[in-house]
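Notes to accompany the following structure.
The values are calculated or read from the model by the stated rules, or taken from the named source; none is laboratory data. Everything quoted here is computed from the prediction, not taken from an experiment. Cβ: placed from backbone, ideal geometry, glycine included. Neighbour counts: every protein chain shown.
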Amino acid sequence: MLLTGCVSEEEKRLQTDQTYEGEEMFRLSYSLDEHVAYSFYPMEYYRDSTNQSTLPGCPTVVINELTSEVVLTFGQAECPTNRALRSGKLILHYPDDTLSVENHQVEIRYEDYWAKGIKMEGRRKLFETDTIATELILTDSIFDFVITDANRSTTQLNGIFKHELIIQNDTLLNYTTMGSGGGRNITGRPYAMEITQKKEFSVGCGQEGFAVAEIGQERWIFERTASPDVIHTVIYEQAEDCNHAVHIQLDDGKELIKKQQ
């Protein structure tokens, strides 16, 4: 009884209705995935006006050669591929040092950046760790990544991920993501997540404005105070129209099905 009395009303609600955690997992996972592909391209790619005109989300592109930054500003015009309803700025910083000449490095920052009604803040650093003829492997270090939902509730994550880019004739065809992270959820409780089966993304679907993985699986563990920790599973299912389905299997046996649209 004493333990129960120490649990907040919000925590009690989460323990009896895990759908809150399911929704939170979808928001966070989607937020991590929906913009990362912009960082896969070198600064040289953004200097080409032809490439600028085909970017999903139709951002305006400003290149600051002095600071080695590319600023992508979303939401300023009508855009058929802005399915994520992006607004605000993504700032891509390319370190101006000797390593950047040979190895792909980029840092992502956010300035009042929103997608699907979610605000994102924090920092991501991606750097090349391996290259073969048809693949580029990038390590993605995420620091104090925070999302804020419509109720002004926040979720925080730190993590390390790896992206394997499949390239043919200098063209990015698709990519996969692996890795893990953790932090605190909307009630302040610790959680951990791991991609247990590679998440696969099609660049073609990305060009159409879709950012949900077509294949993959995640495992999420949420800490509890007065009961055992809960384990949820997320499974991605491919759809022909690129609007892939996300099956969230909750610890209590319930299932949520989410889509980008």
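Some observations on this one:
The rows are residues; the columns are (1) of a type in the set (A, V, I, L, M, F, W, C); (2) more than 17 Å from the chain's Cα centre (by Cα); (3) closer than 23 Å to Gln168 by Cα.
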site: Ser202; (1), (2), (3): no, no, yes
site: Gly209; (1), (2), (3): no, no, yes
site: Glu218; (1), (2), (3): no, no, no
site: Arg224; (1), (2), (3): no, yes, no
site: Pro228; (1), (2), (3): no, yes, no
site: Val246; (1), (2), (3): yes, no, no
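- Top-ranked residue of the stretch 250-259 - restricted to ones that are in a strand (DSSP E or B) and surrounded by fewer than 16 Cβ atoms within 10 Å (Cβ to Cβ), ranked as farthest from the chain's Cα centre (by Cα): Glu255
- No other residue among Glu218, Glu194, Glu223 is buried (at least 17 other Cβ atoms within 10 Å of the Cβ) and of a type in the set (Asp, Glu) apart from Glu218.
- Of all residues in the stretch 29-56 being among the charged types (D, E, K, R) and assigned to a loop (DSSP other than H, G, I, E, B), the one that is nearest to Ile215 (Cα to Cα): Glu34
- One residue alone among Phe161, Phe143 is of a type outside the set (Gly, Ala, Ser), out of contact with any His (no Cβ under 6 Å at 6 or more places or on another chain), part of a strand (DSSP E or B) and buried (at least 16 other Cβ atoms within 10 Å of the Cβ), and that residue is Phe161.
- All conditions but one from (1) buried (at least 20 other Cβ atoms within 10 Å of the Cβ); (2) at pLDDT below 95 apply to Asp48; the one that does not is (1).
- The lone exception for Gly182 - which of (1) over 24 Å from Glu208 (Cα atoms); (2) in contact with a helix residue (DSSP H, G or I) (Cβ under 7 Å, 6 or more places away or on another chain); (3) in a strand (DSSP E or B) it fails: (2)
- Only one of Thr81, Thr73 that is closer than 26 Å to Gln261 by Cα, assigned to a strand (DSSP E or B) and either modelled with pLDDT of 95 or more or in contact with a Pro (Cβ under 7 Å, 6 or more places away or on another chain) (or both): Thr73
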